[in-house]
Structures are given as C-alpha cells and as structure tokens.
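J.: Below is a structure I'd like to ask you about.
The values are calculated or read from the model by the stated rules, or taken from the named source; none is laboratory data. Quantities reported herein were computed from a predicted structural model and do not represent experimental measurements. Virtual Cβ from ideal backbone geometry, glycine too; neighbours counted across all protein chains shown. SASA here: full protein model, heavy atoms, side chains in, ligands and nucleic acids out. Shrake-Rupley method; radii C 1.70, N 1.55, O 1.52, S 1.80 Å.
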Amino acid sequence: MQTTGVFVLLVLALLIGLLVARLRGGTLEALGRVRVRLGWLAGGVVLALVIAAFVDSARTVGWIAAAALAAALTAANRRVPGLFLLFFGLALNAAVIGANHGQMPVSTAAISSAGVERDDVASSRYYTLADHDTRLRVLGDVVPFPFWVAPSVLSAGDVLIVSGVALFAGLAPVRANRTLRARGAERARKRRQRQRAAATTDEDGPADDTDADADAREGLDGPPAATRRPRRPAAALPAGRPADASSSGTSTAASLTKEPGRRSDP
C-alpha cells in the first residue's frame, strides 16, 4: 500500500502540474522540445529503482545508484525546474534506507493517522516499524497521507520527489513555450529586416545605374546640348574655272610677297 500511494501521488502531481502549465500557456508540444542533456541518466535512475524494488540484496545499492545518477542528471541540467528536488529526495531516501539495512522505517503514529494497516507494514520486506533503534528516524515515513484510494505514509524524500515532478510539469512547458515564442519573434524580426534591406536595394539600384550612365555619356559626348556652342557653317567656295583658281592662287602669293612684315605659313 505504501508504494501504491506514492505512485498515485506522483501521477496526481504530474497531472495537476500539466493542468497548471496549460492554464499558463504551456503546451505538450513545447514540453516535448525541452532539451535534457544526458537524458539516458533518467532511464538509469528508473532502472536502479526497479532493481531496488525487486532485488532485496541490492535495495540499498539501488537507491544509492539512483541518487548518484539523479545528481549527475541535475548537474547537467541545472536550468530544468524540479530536477534538484528530485535528486535531493532520492538522496534522502537512499540515506535512510541504507542506514536501516535496506528498509524504510515507518512511524506508528503516522500509520494510525493515515488509516494504514499495521500488519501490512510489519509483514512487508521493504518497510519496518520505527522504534528506538531506528536511525535517521525523522527522514523515514512520518507524513500521513490519508488518500481514500491508496492511503499511505510519506517520507521527507517522497515529498521532495513529488514536489520536483509537479514543479517540472508545471513550469517546464511554460518556459519552453515562451522560449519558442521568443525565438519565433526574433526570426520574424530578422526576416523583416532582410526584406526591408532588399526593398531599399531594389529602389536605389536603378537610380544609381541611370546616374552612372548619364555621367558616362556626359564624359564621352561632352557637355549637354543646351550648353554647347553652335558651330558656324563652313563658307561655300565659289565655283569657277581652273584658270581662275590658278590666277587667284598666283595673285595671293604675290600679295604675300609684297608685304615683308607679314609672316607666311610654311
């Protein structure tokens, strides 16, 4: 009955935590994206607890191994909520079980308050009734849990383990969903910046090309037509006979010879 009560309490803590997370905006999809480093250690913790439950000679060793693996898992995932409480609870249970020869001591007063049969505890191979010779008695099963489905007595370690599960289920989906939204908003912001940069480039590109082409044409063709000086048309030579052209050339040469101050072109 003790083990059944703890299992029922763990399930309730998980469901209540997920319900609270859903009301705060968390989702199971976001929970599935929670990155847990060295996740195989969680399987090792479960395996160690199973060995401790079914192998009497390895009960103490199983709890100690579960606590050690939980410590390594917690150290690798310090930001994941609830793992520290889970590790601390396993460590306390391992300490009290190891100190009492592989059995968890149960308070007789807590048994009466929870409605658990005394004979069920006395005949169990996993639990023992606490007495004056019990070591770390305060860490044993001293917290009554009179749940009508499965009444049981919990230890301080059990309370921490259940609290760790509830904390993980209640906070991890919310934090993961917020992280996903923040990353999506950041990606959308960067996408808008790239689109604005591309639009600015498209608008400035043709204008720059046109200006460059205009500068090139101005450098090749000279100043614009509005600022150019119009050329004078060449005077038409009078049409005449070749003799007239020869005599005209001779008289021109003679006139140049008669003017000593005038310099003739070679």
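J.: Mind checking which residues of region 35-56 are in contact (Cβ under 8 Å) with a residue 40 or more places away in the chain and surrounded by fewer than 16 Cβ atoms within 10 Å (Cβ to Cβ)?
T.: Passing the criteria: 36, 37, 53, 56.
J.: For the structure I just gave you, tell me whether residue 67 is buried (at least 20 other Cβ atoms within 10 Å of the Cβ), in contact with a Phe, Trp or Tyr (Cβ under 9 Å, 6 or more places away or on another chain) and not charged (D, E, K, R). Before the answer, list the steps.
T.: Values: buried (at least 20 other Cβ atoms within 10 Å of the Cβ): yes; in contact with a Phe, Trp or Tyr (Cβ under 9 Å, 6 or more places away or on another chain): yes; not charged (D, E, K, R): yes.
So residue 67 fits the description; yes.
J.: Are there any pairs, at least 6 apart or on different chains, whose C-beta atoms fall under 8 Å, with the first in region 172-189 and touching a residue at least 12 places away in the same chain (Cβ under 8 Å) and the second hydroxyl-bearing (Ser, Thr, Tyr) and exposed (fewer than 14 other Cβ atoms within 10 Å of the Cβ), and if so, which?
T.: No pair meets every condition.
J.: Continuing with the same structure: Any residue in region 68-79 that is of a type outside the set (Gly, Ala, Ser), out of contact with any Leu (no Cβ under 6 Å at 6 or more places or on another chain) and touching a residue at least 40 places away in the same chain (Cβ under 8 Å)?
T.: Scanning region 68-79 turns up no residue that is of a type outside the set (Gly, Ala, Ser), out of contact with any Leu (no Cβ under 6 Å at 6 or more places or on another chain) and touching a residue at least 40 places away in the same chain (Cβ under 8 Å).
J.: May I ask you to list the residues in region 76-103 that are polar (S, T, N, Q) and over 14 Å from residue 141 (Cα atoms)?
T.: Listed by number, the list holds a single entry, 77.
J.: Another question about this same structure. Residues in region 13-31: is at least one under 22 Å from residue 106 (Cβ atoms), open to solvent by 50 Å² or more (accessible area, probe 1.4 Å) and in a helix (DSSP H, G or I)? Even if it seems obvious, please write down each step before you answer.
T.: Kept after step one, since they are under 22 Å from residue 106 (Cβ atoms), are these residues of region 13-31: 13.
Filter once more, so that each one left must be open to solvent by 50 Å² or more (accessible area, probe 1.4 Å): none.
Scanning region 13-31 turns up no residue that is under 22 Å from residue 106 (Cβ atoms), open to solvent by 50 Å² or more (accessible area, probe 1.4 Å) and in a helix (DSSP H, G or I).
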